Ligand code: G6P
């Protein structure tokens, strides 16, 4: 087993370090000789894809947060409304789904029963279903109209890491493909974003190269009872995922909030010493939310919060209000989740390890939940 872990203490540790490869492999072989994006696996009639007027992402757990990131990118690039719904909620209400709906089912295992039931339900309503799945030959792709495989390789640790990054990457490819097909974007725009995506694996590696400080802080915080996570725009699902990782691995009460929601409730939770991770958007962003999130850091710091800030390299504005800054390389706003989530994964993994817990097999959880 030690050899399978490639020298890492746990499968999770190894899988976190496999992430540059997982993203690179998921991007591999997706363009033709002229650089045009081609998704051969997506065997849904192009006329149907052009006619799609709504996308609904169905998924559970971490895969659902990948769906939330996808919403921001696909709506921006394709101007198609995107809903993201937990598969088990979707299935048991009366969702408005028809022939013009593209349902995207996201699942690492391809076996999650809740997600499978949502796929069946969607197809019964006449929707086209596209699966974004990591496991070849699994049930969800078999029961879908088409599949876009993530190439993260087998994921052993129960809590998802590299599959999450690969799901987000695949969702970006889908968004760019639809934008290209439907004429929302010029070929050179698609190519330029693809170029930015191809630069992401090296940037993830840079985040991994600086993991020492994250680990140190995580060990110091091994006795922490509660951690909050704030993020805005695509940083919001990153905050949710950071909180989920900490719950799953370290059994610590953790909540993710949209930073804009702070004053509508969560700020009441802030008391002296409360650790809060804040995912800060790029200061270079087009419709910059940067200053609003920096104000949030200031507000919680004034109430005694310990602020642990994930910010872009060179972002000096956060420093006066941050107890700790974890910087990540620059990237376009929509792609930033692939970098920002990595320190949060490392934090949860290291804190759980410091508590003496089994990070690969947390209590009460299963890698794939094949019952409803
Ligand atoms: C379980 C796992 C989670 C995972 C979720 C969805 O709850 O513990 O880590 O995110 O299932 O799994 P899937 O295989 O559908 O992505």
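Residue check: is residue 57 within 13 Å of the ligand (Cβ to nearest atom) and either out of contact with any helix residue (DSSP H, G or I) (no Cβ under 7 Å at 6 or more places or on another chain) or touching a residue at least 12 places away in the same chain (Cβ under 8 Å) (or both)? Here the answer is yes, as residue 57 does meet what is asked. Any residue at all in region 208-219 that is at pLDDT 95 or above, within 21 Å of residue 72 (Cβ to Cβ), under 20 Å from the mean Cα position of the chain (by Cα) and part of a helix (DSSP H, G or I)? No, region 208-219 has no match at all. When region 155-188 is limited to residues that are within 20 Å of residue 244 (Cα to Cα) and part of a loop (DSSP other than H, G, I, E, B), the one that is farthest from the ligand (Cβ to nearest atom) turns out to be 156. Among the residues of region 312-334, at least one is in contact with a helix residue (DSSP H, G or I) (Cβ under 7 Å, 6 or more places away or on another chain) and closer than 30 Å to residue 119 by Cα. Against the conditions (1) farther than 15 Å from residue 275 by Cα; (2) surrounded by 24 or more Cβ atoms within 10 Å (Cβ to Cβ); (3) more than 16 Å from the ligand (Cβ to nearest atom), residue 352 satisfies every one except (3). A Cβ distance below 9 Å, combined with a sequence gap of six or more or placement on separate chains, defines the contacts here; from region 109-125, residues that are without any contact (Cβ under 8 Å) to a residue 60 or more places away in the chain and within 18 Å of residue 163 (Cβ to Cβ) reach residues that are assigned to a loop (DSSP other than H, G, I, E, B) and more than 12 Å from the ligand (Cβ to nearest atom) in the pairs 110/136; 110/137; 116/143. When region 129-154 is limited to residues that are in a strand (DSSP E or B) and touching a helix residue (DSSP H, G or I) at 6+ places or on another chain (Cβ under 6 Å), the one that is farthest from residue 169 (Cα to Cα) turns out to be 129.
Counting only residues that are touching a residue at least 40 places away in the same chain (Cβ under 8 Å), touching a helix residue (DSSP H, G or I) at 6+ places or on another chain (Cβ under 6 Å) and within 27 Å of residue 356 (Cα to Cα), region 236-275 holds 9 of them. Filtering region 297-311 to residues that are in a helix (DSSP H, G or I) and in contact with a helix residue (DSSP H, G or I) (Cβ under 6 Å, 6 or more places away or on another chain) leaves 297, 298, 301.
Only one of the listed residues (53, 32, 40) is surrounded by fewer than 19 Cβ atoms within 10 Å (Cβ to Cβ) and modelled with pLDDT of 95 or more. That residue is 53. Residues of region 60-79 that are crowded, with 22+ Cβ neighbours inside 10 Å and more than 10 Å from the ligand (Cβ to nearest atom): 67, 69, 70, 73, 74, 77, 78. Selection of region 121-138 for residues being within 16 Å of the ligand (Cβ to nearest atom) and more than 16 Å from residue 91 (Cβ to Cβ) yields 130, 132, 133, 134, 135, 136, 137, 138.
Condition first: in a helix (DSSP H, G or I) and buried (at least 24 other Cβ atoms within 10 Å of the Cβ). Now tell me which residues in region 220-242 satisfy that. Within region 220-242, 235, 236, 237, 238, 239, 241, 242 meet the criteria.
The values are calculated or read from the model by the stated rules, or taken from the named source; none is laboratory data. Nothing here was measured: the structure is a model prediction, and the numbers come from that model. Backbone-built Cβ (ideal geometry, glycine too); neighbour counts: all protein chains shown.
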